[in-house]
1. Quick one: dipole size for the chain, taken about the Cα centre, charges +1 on Lys/Arg Cβ and -1 on Asp/Glu Cβ, in debye to the nearest 20.
2. Give, as a single signed number, the net charge of other residues whose beta carbon lies under 15 Å from the beta carbon of residue 43, with Lys and Arg counted +1 and Asp and Glu -1.
3. Can you run phi through the Karplus equation (6.51, -1.76, 1.60; θ = phi - 60°) for the range 167-172 and list ³J(HN,Hα) in whole Hz, with x for Gly and Pro?
4. Multiply the residue separation of residue 283 and residue 266 by 0.36 nm, subtract the distance between their alpha-carbon atoms, and state the gained length in nm to one decimal.
5. Using the C-alpha atoms of the chain, what convex hull volume per residue, in cubic angstrom, is computed?
6. Using the beta-carbon distance between residue 25 and residue 292 and R0 = 41 Å, what value does 1/(1 + (r/R0)^6) give for FRET efficiency, to the nearest 0.05?
7. What is the distance, in nm, between label points placed 7 Å from the Cα along the Cα-to-Cβ direction at residue 214 and at residue 147?
8. When we measure straight from the Cα of residue 177, which aspartates and glutamates land under 12 angstrom away, once same-chain ones fewer than 8 places off are left out?
Amino acid sequence: MFAGFGKRATLAAMPELPEVEVLVRHLDPLLRGRRVKAVEVRRPRVLGPTSPSALSSRLPGARFERVERRAKYLIFHLRKGNRTRTGASEPSTFRLIGHLGMTGRMFVQPVKAPLPKHAAVVVRLDRGVFVYEDTRYFGRLTLDESSLAKLGPEPLNGEFTVEGFAAALKRSAQAVKVRLLDQSLVAGVGNIYASEALYRAGVSPRKAARRLRQDEVARLHGAVIAVLREAVEFGSTMPLDWSGQAGRDGLFYYGSAPDTAGYEERLRVYDRAGQPCGCCGTMIRRIAQAARSTFYCPRCQRS
């Protein structure tokens, strides 16, 4: 199938699994071993339900061990030594959970660099400053882990099986595109990659999930994995402007680094309404499903 090209429209889209995975791979080596010196909470709402005082007392003195991803969440693993009554140091580990929301950025900047206008949380390290910036403040940086409890299997490891996927789809009368957005079905897939996977699998986004044939389920399962892996690979090789100093240009939500003009994300149907399908030439259509935009080819996705 021909891989068309389309620039990402970011105003109505939220970072999904690939974008978060790329960010995690960027932040992990920068934060590993860094010790927290101080925390400044500028927008308390992004911590909820954690209080500013709880975060400010928990983080200082802790060291970042690693950064991982779960679905669309960033998981920061930290270790802090606590003094016992005998004076011995007793290490304790805890996790900080991050979510980018619709407009969030997380990056490490030099100590003397000016903080961005919309910095929500500033974590001063023994080397550098970790900044969580968010213009709309829909994201999260919190000690609360309840958001992880109901997440479904990770699509890029062995948890996501054809059998489990088929069984879950059979129980739903929802349109398959809408069902794919349910994070309890498969973790991390959002509006963009749901449209892309359905197109690649040749499945209509309108079709009821429980009506998918066995071969359609298998194709869709493989397509979900393929589009996510390709997006991660593409983003991992892109020179990105993580702190957004060059301004947003829509590329992977962070902005492309200087001198990278011409790079575009390889999206085949998303945000391409009115453009020809790269496979059959039929014009890509846009419909609304569950208050979200769905893009598809009416010819390639008849089933």
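What follows is calculated from the coordinates using simple rules that are stated; it is not laboratory data. Because the structure is a prediction, the values reported are computed rather than measured. Neighbour counts are summed over all protein chains in view; Cβ atoms, including those assigned to glycine, are modelled from backbone coordinates with ideal geometry.
1. On the way: 50 positive and 28 negative charges, 141 e Å.
It comes to approximately 680 debye.
2. Numbers: positive: 42, 45, 105, 117, 136, 140; negative: 40, 133, 134.
Net charge in that neighbourhood comes out at +3.
3. Once θ is set to phi - 60°, the couplings for the range 167-172 become 5, 5, 5, 4, 8, 10 Hz.
4. Details: separation 17, 0.36 × 17 = 6.12 nm, distance 1.75 nm.
Here the answer is 4.4 nm.
5. Details: hull volume 42.5 nm³, N = 303.
Measuring per residue, one finds 140 Å³ for the Cα hull of the chain.
6. Details: r = 27 Å, r/R0 = 0.67.
Efficiency, from the Cβ-Cβ distance: 0.90.
7. 4.0 nm
8. 196
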